[in-house]
Amino acid sequence: MDKLYDSELKVMEPLWEDGPQTAGALAKRLADAWGWNRNTTYTVIKKLIDKGAVARSDPGFVCAPLVTREEVQRAETDSLITRLFGGSKAQFLSAFFSEGELTPAEARQLRDLIDALK
């Protein structure tokens, strides 16, 4: 999956939250939220279509997500771990947790997650 940039994620968020919608509705939403003009929104939608992250259907220029939020999160996390930690999830977690303490509930969730992966 190609990397999605911040502007592309801003378009994906409403699609993930509310499902397929027209490009016009997205343009209005992004104008309200981020001050974007219609051309900016349509340009970013085209980039997402070219990347295979969004499908366009007519009539009405309806946009639908082709990738889930979880797929994008997984790809971004894998890329980060590969680039900065040589692919080592253990080194990533060590660096991540060295900056702060976990609450007991967070520690319990992580233990449960690790146990489920065994």
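The label-point distance for Arg111 and Glu76, in a model that sets each label 7 Å from Cα toward Cβ, rounds to 3.0 nm. State the answer as a single residue: which of Val67, Ala95, Asn37 lies farthest towards the positive end of the charge dipole of the chain, with beta carbon charges of +1 for Lys and Arg and -1 for Asp and Glu, about the Cα centre. Of Val67, Ala95, Asn37, it is Asn37.
Residue separation times 0.36 nm, minus the C-alpha to C-alpha distance between Asp2 and Thr22: what's the value? Please list the in-between numbers first.
Values: separation 20, 0.36 × 20 = 7.20 nm, distance 2.33 nm.
Once the chain is fully extended between Asp2 and Thr22, it gains 4.9 nm.
The distance separating the Cα centre of segment 53-96 from that of segment 31-48 comes to 21 Å.
On a 0 to 90° scale, report how tilted helix 69-85 is relative to the longest principal axis of the chain, with both axes built from alpha carbons and the result rounded to the nearest 10. Taking the Cα atoms of the chain, the angle to 69-85 is about 50 degrees.
Packing order of peptides 59-68, 95-104, 42-51, highest average first: 42-51, 59-68, 95-104 (average count of other Cβ atoms within 10 Å over each peptide's residues).
Tell me the angle of helix 38-51 to the major Cα principal axis of the chain, expressed in degrees between 0 and 90 and rounded to the nearest ten. Rounded to the nearest ten degrees, it is 60. Summarising the label geometry, the points placed 7 Å from Cα in the beta-carbon direction at Lys46 and Phe96 lie 3.8 nm from one another. When P(r) over Cα pairs in 10 Å bins from 0, in percent is computed from the coordinates, the matching label among (1) 12, 34, 24, 21, 9, 0; (2) 13, 47, 30, 10, 0; (3) 14, 43, 27, 12, 4, 0 is (1).
Which FRET efficiency value, to the nearest 0.05, is calculated for Phe61 and Asp32 with the Förster distance at 22 angstrom and r the Cβ-Cβ distance?
On the way: r = 19 Å, r/R0 = 0.86.
It comes out at approximately 0.70.
Read the figures in this text as sums done on the coordinates, not as results from a lab. Quick caveat: nothing in here was measured; it's all calculated off a predicted structure. Note that we place each Cβ from the backbone using ideal geometry, even for glycine, and neighbour counts take in every protein chain shown.
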